[in-house]
Amino acid sequence: MSQLKLCGDILKASLQFGMHLGAMRKKASDALPGSSWTPLQQYPNLPPERADIVIVGGGVMGWSIAYWLKKKESARDVVKVVVVEKDPTYSQASTVLSAGGIRQQFSLPENIHLSLASADFMRNINEHLATLDDSVDLQFNQSGYLFLASEDVAHIMEENYKTQRDAGAQVALLSPTQLKEKFPWINPEGVVLASYGLENEGWFDPWTLLNAFRRKAISMGVIQCYGEVTDFKHTTNVAITADGEQLDRTRIKSVKVQMPNSLVYQPVECAIVVNAAGAFSGKLAAMLGLGSGPKDTIAGIPLPVEPRKRYVYVVHCPDGPGLDTPFLIDYSGVYFRREGLGGNYIAGTSPEEAEEPDTSNLEVDHQFFEDKIWPNLANRVPAFEKLKVTSAWAGFYDYNTFDQNGIIGIHPLINNMYFATGFSGHGLQHSPAVGRAVAELILDGNFQTLNLSALGFQRILAQEPMLERNIV
């Protein structure tokens, strides 16, 4: 009987504590109107205390890497992978705020091969990312890219065309007459040469690709965590180079994951960290001291990646180009593509360096469209004189200020951090192939399918940029 009484007393005390806790939470909420934060918030979805690999960044690049790591493991659960994403809503994620294009028309063979491999993956996406519960409809519209060149840059287009064909891309050059015949709605004035992608180019739904990678990776055992990496615990060893330079080599022991809107955090011990934090990967690298050393040393060279804001405008024009509309890139830098049916399009351009917008927010400058985009659109497509802007958004590029190209691989001063960042606008389209490449580096020790060594950090240390001439 005494045991029954004791159990009853415990149950009664538990109920009273629960009621007291609820009252305290309500009081805290009332004291902080308009805030979702509470000092008593509980987090049942804390990341594990230990993992083999922590991927910082739950955009399409991070989830692609996670998928390929699990795809390549010798048996299920051999590699424990955690993906940390700071934005649970993905409302500011670069992946879902992009224009969703894929093209082979680059100037560097590495980028062309990445596009070819990624396009092949997307065409056969259900062989890779379908789950027992769901197939994937990427809405891959293969209408091609159409680049227009003026007299000043036509020779560059011809050089790029040769590189693209040598790499296996199916691209055709068009004269102004051929251009007008194929696309009668174009005003060819000022165009000396055009380059048109015949296959494996177009656009797709970014959100669907991200979700497909995420869903498949989770089904394979990847652990998803919403939080922000705010610090690292690490050790440092001193090494001396052949030139006599002293290097402090860092090895990460754990990452500190802060829960959203909370003081709660979880240290996660790990063997490897992948920096796939996109526009904020430079800030993440700086936490480990990159760029803080003397300017003439390796430690003084930061990860040259920063956020750059880009606007995307949705316009409606009932008499605009039809279903054959490619993703058009004018030599002015202005682009547009069809968005669904019914005369809807998206358009944008990159601003001049001196006019880069403020990156502290994602507000849209509507005057930018009036001044920089609409005049060029209407000049190239006369029907666009009567367009109407219906909506707009802004997103971040993970902009590589050094050479606008991806940085893939390990840093010489951090033994166990791999980078997959700095793609400057083409990370989404290259994510399937880059994810595979990073998984190969981690699990195999080197690239197996595509040799991307030239995209490593070494070129930055040597101050030898790999400039991509076809950046949009």
Label point 7 Å out from E269 along Cα-to-Cβ: which residues of the stretch 42-85 have amide N under 15 Å?
48-54, 80
Violations at 31 Å Cα threshold for listed pairs K71/K233; K162/K386; K216/K388; K86/K233 -> K162/K386; K216/K388
Length gained when the stretch E189-K283 is fully extended (0.36 nm per residue, less Cα-Cα span):
29.4 nm
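Find out how many positive minus negative residues lie around W393, taking Lys and Arg as positive, Asp and Glu as negative, among other residues whose Cβ is under 13 Å from that of W393.
Details: positive: K309, R310; negative: E339, E363, D365.
Result for the local shell: -1.
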Links exceeding 20 Å between C-alpha atoms in this model, out of K72/K256; K256/K309; K309/K372; K70/K283, come to K72/K256; K256/K309; K70/K283
Once the Cα atoms of helix 60-72 and of the chain are each reduced to a long axis, what angle between those two axes, in degrees from 0 to 90 to the nearest 10, is obtained?
70 degrees
What number, in percent, do you get for the relative contact order of the chain if the mean sequence gap of Cα pairs under 8 Å and at least 6 apart is divided by its residue count?
20 percent
Where the centroid of each part is defined by its Cα atoms, how far is the stretch 358-395 from the stretch 124-143 in Å?
32 Å
Using a 1.4 angstrom probe on heavy atoms only, work out the carbon and sulfur share of the accessible area of the stretch 396-444 in %.
42 percent
List the equivalent ellipsoid semi-axes of the chain in whole Å, largest first, each obtained as the square root of 5λ for an eigenvalue λ of the Cα gyration tensor.
43, 29, 22
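Using a 1.4 Å probe on the protein chains only, how many percent of the accessible area of the stretch 177-257 belongs to carbon and sulfur?
Numbers: 1800 of 3930 Å².
Summing carbon and sulfur atoms, their accessible area is 46 percent of the total for the stretch 177-257.
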What is the Cα centroid distance between the stretch 400-438 and the stretch 274-302, reported in whole angstrom?
14 Å
Determine the share of the stretch 314-367's accessible area contributed by carbon and sulfur atoms, expressed in whole percent, with a 1.4 angstrom probe.
49 percent
Taking the Cα atoms only, what angle lies between the long axis of helix 109-123 and the longest principal axis of the chain, rounded to 10 degrees?
70 degrees
Under 13 Å from a point placed 7 Å out from the Cα of K256 along the Cα-to-Cβ direction: which residues of the stretch 264-294 have their backbone N that close?
264-268, 287-288
Give the angle, between 0 and 90 degrees and rounded to the nearest 10, that separates the Cα long axis of helix 206-219 from the longest principal axis of the Cα atoms of the chain.
40 degrees
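Given contacts defined as C-alpha pairs under 8 Å and at least six residues apart, what's the relative contact order of the stretch 396-456, whole-number percent? Working shown, then result.
Numbers: 76 pairs, mean separation 20.5, N = 61.
Normalised by residue count, the contact order of the stretch 396-456 is 34 percent.
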Pull out the extension gain between D134 and N237, defined as 0.36 nm times the separation in residues minus the alpha carbon to alpha carbon distance; nm, one decimal.
32.3 nm
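The values are calculated or read from the model by the stated rules, or taken from the named source; none is laboratory data. Just so we're clear, the structure is a prediction, and the values are computed from it rather than from any experiment. Heads up, the Cβs are rebuilt from the backbone with ideal geometry, glycines too, and the neighbour counts pull from every protein chain shown. When the accessible area is computed, the model is the full protein with side chains, heavy atoms only, and any ligands, DNA or RNA have been set aside. Shrake-Rupley method; radii C 1.70, N 1.55, O 1.52, S 1.80 Å.
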